[in-house]
Amino acid sequence: MTATPQSILENTFGYPEFRPVQLEVIERTLQGGDSLVLLPTGGGKSLCYQIPALLSEGCALVISPLIALMQDQVMGLEQAGIDAAYLNSTLSSQEQSDVYSRLDDGSTKLLYIAPERLMQPATLERLSRYNVSLIAVDEAHCVSQWGHDFREDYLLLGALTNTFPSVPIVALTATATAPVRKEIIERLQLREARQFVTGFDRPNIRYEVQSKQSPKQQLSSFLARHRGNSGIVYCMSRKKTQSTAETLVAAGFDALPYHAGLDANIRARHQRRFLTDEGVVIVATIAFGMGIDKPDVRFVVHLDLPKSMEAYYQETGRAGRDGLPSEAWMIYGLQDVVRLRQMVDESPGSDEHKRKERAKLDALLGWCEVTSCRRISLLDYFGDTLEEPCGNCDVCQLPPEVFDGTEAAQKLMSTVYRTGQRFGAVYVLDVLTGKASDKMTNNGHTELSVFGIGSEYTTTQWRSILRQLLVLGFLKVDTAGYGGIQLTQKSRSLLRGEIALPLRRDLLVSQKSHKPKASKAPINAADSDLFDALRACRKELATEHGVPPYIIFHDTTLAHMATVKPQTKTEMLSVSGVGQTKLDRFGTEFLNVIETYITTLQTKTP
Ligand code: ADP
Ligand code: ZN
């Protein structure tokens, strides 16, 4: 029987069906054409080049920017019985010559390599002597200077078509707007490239944004539904990373800090723990994440705002690559708005650059405040449409109450105006709510008509109103001066009562909120004991083989196994994610676990 894409998918990878675009890209590549593939994270980009590589003579070159990623991929392929290797700076010269002699034998089907390494003349010369079946450029957006991950060494890749004129190229990325896509095609010199694009939606990720009231308490009640799960908690500063990790450890979580200030060895160790152990929470600055391919990250938390929608999408995209329910949870407040606006204004760079950054930040802030489905506006930002509200975001599940904020806004703006547009949020709100201080008395502000006119709301409520007015541009922070709150052009129409202003009422932390189900066991409760037993078995095998558990089987596969409960090898093959090689290697162990489980059940039932 000759192998086909479908037979490789089933026998080697253990999946019954292709995901969108996979088969088209595979066929295009097998016919020798170039492609640009845009699939969201977890969409299944790897199979797009792995399967044609297995179906072709010779060896495929896979260009990947990150060493950790290469090792992970090669390890996974080896477990599936595929001959793969990587070339990078971590190899000794002996290991390198081993890689080359396997290439000489013609046994290696996929060679992972870093761009700067590949483009060295000696390497190119050597590799051009082999039969190269295809070239895959992973994370292709790194070639774009307009993208957010530009890497100098990716520019060199434009010369590839000279060395390998008749080898098909497949460029892959998870993030690329239309101009970036155009740039990728030009810079990599793709020939008559066909573009394969699927939507940006990550339906298994639930989005939630809360207003920041008592961050520690909010975080701990969020994490309560994620005990035992792996996740990432992003903070802005190293210090906060450190202290948050300590708080979580004290609360019984297996939490580890990660930031650029830590010793490289410690960082590497923490990253490894996160990858190989189950249920580790990494508390990190944005230094963490690029190239983290762990499929079972169940949540991504932002304790501080990222700087753009792009960054938010990319960071939250690290959750749920395996397609199981996962959460993106963020808290933000007045302080974040003020600080980020300030950071943008004070950043170096041209006015034009600042204008762009400001627009990006405003898009994110606006998104935090939306009063209709978050997913619809998130996708809209990336030019993607979703017809119906998703039902899997906080706004869909618990629509925020909207109230007429016109009068409140007028009171707040008058207070800003009367106090001279020189004071920060705390002072302005104290005048408004009538909390006198010596400073205020000295300034004569207790005598103002606006003193205490805002007693109908608490300070927390006023902070929410002020935050929204800043986001909507009715007030601004004087970042050039001392950070005082000031009126804007837009303020006037509101002060004159020409327009009405609907505002959202923040949920109070103490209020009962909609609690989504814990997403730990992706199967029904009856089978969860078996699922846990299968996970324990996987853990043992992983330790024995020195690989992360997900390299053996993903949670999705174990969940399916716990539901199907196969009792023979043939039945085991029907489980999604179980291919022939993995069946041969691990099948017996897992069948034993299932058998023991069934026997215990039978002896229990009279
Ligand atoms: P990406 O690189 O696009 O983020 P991966 O290639 O790592 O995604 O694939 C994500 C997950 O989906 C992997 O666990 C992979 O094994 C799985 N997968 C890929 N293709 C299929 C398929 N056709 N059916 C089921 N699972 C798939
Ligand atoms: Zn929604």
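Each reported figure results from applying straightforward, stated rules to the coordinates on display, with no laboratory input. Values in this document were obtained by computation on a predicted structure and should not be read as measured data. For neighbour counting, all protein chains shown are included, and Cβ atoms are generated from backbone atoms with ideal geometry for every residue, glycine included.
The table for this structure:
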{"quantity": "Mean separation of Cα contacts under 8 Å, 6 or more apart, over the residue count of the chain: relative contact order %", "calculated": "14 percent"}
{"quantity": "Farthest positive-ward along the chain dipole, Cα basis, beta-carbon charges - from 382, 337, 392", "calculated": "337"}
{"quantity": "Over the chain - Rg/Rh using Cα atoms and the Kirkwood inverse-distance radius", "calculated": "1.02"}
{"quantity": "Dipole in debye (nearest 20) - the range 121-272, about Cα centre, beta carbon charges: Lys, Arg +1; Asp, Glu -1", "calculated": "500 debye"}
{"quantity": "Residue-count net charge about residue 485 - beta-carbon cut-off 13 Å; Lys, Arg +1, Asp, Glu -1", "calculated": "+4"}
{"quantity": "Whichever lysines have a C-alpha closer than 27 Å to that of residue 439, once near sequence neighbours (fewer than 8 apart) are set aside", "calculated": "411, 476"}
{"quantity": "Per-residue ³J(HN,Hα) for the range 189-199, Karplus 6.51 cos²θ - 1.76 cosθ + 1.60, θ = phi - 60°, Hz, x for Gly and Pro", "calculated": "6, 5, 9, 6, 4, 9, 9, 10, 10, 10, x"}
{"quantity": "Theoretical ellipticity at 222 nm over the chain - DSSP helices of four or more residues, -39500 (n - 2.57) apiece, nearest 500", "calculated": "-13500 deg cm²/dmol"}
{"quantity": "Calculated FRET value between residue 355 and residue 201, using beta carbons and R₀ = 35 Å, to 0.05", "calculated": "0.70"}
{"quantity": "Dipole in debye (nearest 20) - the chain, about Cα centre, beta carbon charges: Lys, Arg +1; Asp, Glu -1", "calculated": "1760 debye"}
{"quantity": "Placed amide H near residue 86: partners under 5 Å, 5+ positions off or other chain", "calculated": "112"}
